[in-house]
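Notes follow once the structure below has been shown.
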Amino acid sequence: MKLLRLLFVTVLSIFAANNVQADDLPKSGLVMQFAPFDSKYGPFHDRISHKQLQAYDRATGELSDAPKREKEGLMGGDYDWGFKLDSCQMFDTDLKLNRNSKMTILVRFLSNNDATTRGPIALIRSGQPDSLWYFPISVEKNRMIYMEGKPTPEDSAMVRSRWHYEIEGGMMSAIFIQIDMKTGRHEIYMRDSASVFYNDRLAQLPELPNRILFTQQENVLINEFAVWNRHLTLAEMQNYYTGSSSKEYAAKHQMKEPVPIVGNIEEASGVMMHGWSWMRWGWTIGMAVLIILCGFRRFRNINVHYSFSGSPLIILAGLFGTWYMQGVKDFDVEYLWIFNTVQLLAYYFVSFRADPLYTIRNAGGVGSVINYVGGLFAMLGEILDSIPHTIWEVTYVNRNTGEKKKKIERHNNIIISIFWIIVIVVVIWLFIILSEIIYQVLPLITVYKFIANYFKERKAFREAEEAKGTMR
């Protein structure tokens, strides 16, 4: 497991290093810039002022050395990825804002965060209380961006909008925030969408912010960060997202013009579970109906023997696919576990078929899965036992006492061992692919199983009646 984690982190680190080129960011108006892949001045530094990241005490307003982090293995740990928000942190660089300032903020962070507090960035004046901090946006759990403002300058009421964003490459997501201090206009850009709103709270503060603070958040990591004292053009931001891609890809992924947040707030308030499409709702309700029908059928045939006729492999692949797609690929739609649980339960109950003549010899549902897993481990044990090996008798001598001890060592054939390792890795990857497929098509498999079992049960009941007639 540790080897797989290391391989996963290594691949993503290489991907990030090749696709996030800090030197490609526009230099005009650049005030601050953080990029973990430049270690000339250390891993946690502002490339413009060369100041180091520091911890900020929100109670006293004092700065101190940020927590030390050791590099973990090959391309592992925060050293290569960025810095975790395990405390409030900042670069002690003055933003030099005035009432007519324009600014652009780029923040790139780990997508699968568990944040439930406001952040990850706030505009503050060093030493001010929390009540005077300004959060342009708040990125919280389940990939939700929250924004507060007015759809147009003429609106009187402030609205709070939420926006469910998509994951980008390397499990990172980048947001551009453009603020006009004079008009209070805010534009929020991501690869897949953009919003605009008006909030003049910054201009009404008794003193303008002079620092950007990274607020403490659970399991959040800042991978890249930059501030400009001007608005970037749409072309400059587009180049950040698709500049290293092919022309065909860039043409298909053009940035969208920002839309007022009033549209987003209407959408958000009308969705019971954000990210649930009508298809997902349909399959969840449909599978729940199948479970009820299976229960009703079983009640009607309460004296009839039922046997499990499903595939333990499909159940295992469904369970693994659920974990893999949501854990590794991070499909964290709100309450998606409900959808997955209903699908797996529906397949499990549908797989029990009326068996009046006891012709199905499989173990019960849970028993079949346990037997299948046991068979896999037994097969693995047979593979390990089949590898040619040599037994060595080795004598160890204690240098201090001269005492001798003999130990038996087993040395497996290296070539055959490597062969079986390759075979096992290929099988695992094939199982991952199978699990992804089953994760997506399990409802269709369940419907097919339900219909097939209906006709097989009718046949089984006819055969049982014929058998009774023969006995008479």
Q. Got a sec? Which of Ile360, Ile370 is more than 30 Å from Trp163 (Cβ to Cβ) and without any contact (Cβ under 8 Å) to a residue 12 or more places away in the chain?
A. Ile370
Q. When Tyr439 is evaluated against the numbered criteria (1) touching a helix residue (DSSP H, G or I) at 6+ places or on another chain (Cβ under 8 Å); (2) exposed (fewer than 11 other Cβ atoms within 10 Å of the Cβ), which criterion, by number, is the only one it fails?
A. (2)
Q: Go through the residues of the range 438-460 one by one and say whether even a single one is without any contact (Cβ under 8 Å) to a residue 60 or more places away in the chain and among the basic types (Lys, Arg).
A: yes
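Return the residues of the range 212-247 that are in contact with a Gly (Cβ under 6 Å, 6 or more places away or on another chain), in a strand (DSSP E or B) and either among the β-branched types (Val, Ile, Thr) or free of Cβ contacts under 8 Å to residues at least 40 places away in the same chain (or both); say none if nothing qualifies. Show your work before the answer.
Step one: filter the range 212-247 for residues in contact with a Gly (Cβ under 6 Å, 6 or more places away or on another chain), giving 215, 217, 221-223, 228-230.
Then drop every residue that is not in a strand (DSSP E or B), which leaves 221-223, 228.
Ile222, the sole residue that qualifies.
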Q) In the range 363-383, which residues are open to solvent by less than 90 Å² (accessible area, probe 1.4 Å) and either among the polar types (S, T, N, Q) or under 19 Å from Ile424 (Cα atoms) (or both)? A) Ser368, Tyr372, Val373, Gly374, Gly375, Leu376, Ala378, Leu380, Gly381, Ile383
Q: Mind counting the residues in the range 190-206 that are more than 34 Å from the chain's Cα centre (by Cα) and not polar (S, T, N, Q)?
A: 4
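Out of Glu187, Glu224, Glu218, which single residue is of a type in the set (Asp, Glu) and open to solvent by less than 10 Å² (accessible area, probe 1.4 Å)?
Numbers: Glu187 fails: open to solvent by less than 10 Å² (accessible area, probe 1.4 Å); Glu218 fails: open to solvent by less than 10 Å² (accessible area, probe 1.4 Å).
Of the residues listed, the single one that is of a type in the set (Asp, Glu) and open to solvent by less than 10 Å² (accessible area, probe 1.4 Å) is Glu224.
Give the residue that is nearest to Leu25 (Cα to Cα), with candidates limited to residues of the range 159-203 that are polar (S, T, N, Q) and modelled with pLDDT under 85.
Of all residues in the range 159-203, those polar (S, T, N, Q) come to 161, 173, 178, 183, 193, 195, 199.
Subsequent filtering for residues that are modelled with pLDDT under 85 retains 161, 173, 193.
Numbers: Ser161: 29, Ser173: 16, Ser193: 21 Å.
Top of the filtered list is Ser173.
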(Q) Among (1) surrounded by fewer than 12 Cβ atoms within 10 Å (Cβ to Cβ); (2) at pLDDT 80 or above; (3) over 32 Å from the mean Cα position of the chain (by Cα), there is one condition Ile360 misses while meeting the rest; what is its number? (A) (1)
(Q) Every residue in the range 442-472 that is within 32 Å of the chain's Cα centre (by Cα) and either surrounded by fewer than 16 Cβ atoms within 10 Å (Cβ to Cβ) or polar (S, T, N, Q) (or both), please. (A) Leu444, Thr446, Tyr448
Q) What about Val394, is it on the phi < 0 side of the Ramachandran plot, open to solvent by less than 80 Å² (accessible area, probe 1.4 Å) and in contact with a helix residue (DSSP H, G or I) (Cβ under 9 Å, 6 or more places away or on another chain)? A) no
Q: Could you grab me the full set of residues in the range 110-140 that are within 29 Å of the chain's Cα centre (by Cα), over 17 Å from Ile222 (Cβ atoms) and at pLDDT below 85?
A: Thr116
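Looking only at residues in the range 185-211 that are part of a strand (DSSP E or B) and of a type outside the set (Ser, Thr, Tyr), which one is farthest from Ala157 (Cα to Cα)? Let's see the steps before the verdict.
Going residue by residue through the range 185-211, those that are part of a strand (DSSP E or B) are 185-189, 194-198, 211.
If we keep only those that are of a type outside the set (Ser, Thr, Tyr) too, we end up with 185-188, 194, 196-197, 211.
Numbers: Arg185: 15, His186: 16, Glu187: 18, Ile188: 20, Ala194: 21, Val196: 15, Phe197: 12, Arg211: 29 Å.
Looking at the filtered set, the residue picked out is Arg211.
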Q. Among Gly286, Gly270, Gly282, Gly243, which is the only one that is surrounded by 11 or more Cβ atoms within 10 Å (Cβ to Cβ) and either at positive phi or at pLDDT below 85 (or both)?
A. Gly243
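The values are calculated or read from the model by the stated rules, or taken from the named source; none is laboratory data. This is a predicted model, so every value here is computed, not measured. All Cβ positions, glycine included, derive from the backbone under ideal geometry; neighbour counts span all protein chains shown. The accessibility values were calculated without ligands, DNA or RNA, using every heavy atom of the protein model including side chains. Shrake-Rupley method; radii C 1.70, N 1.55, O 1.52, S 1.80 Å.
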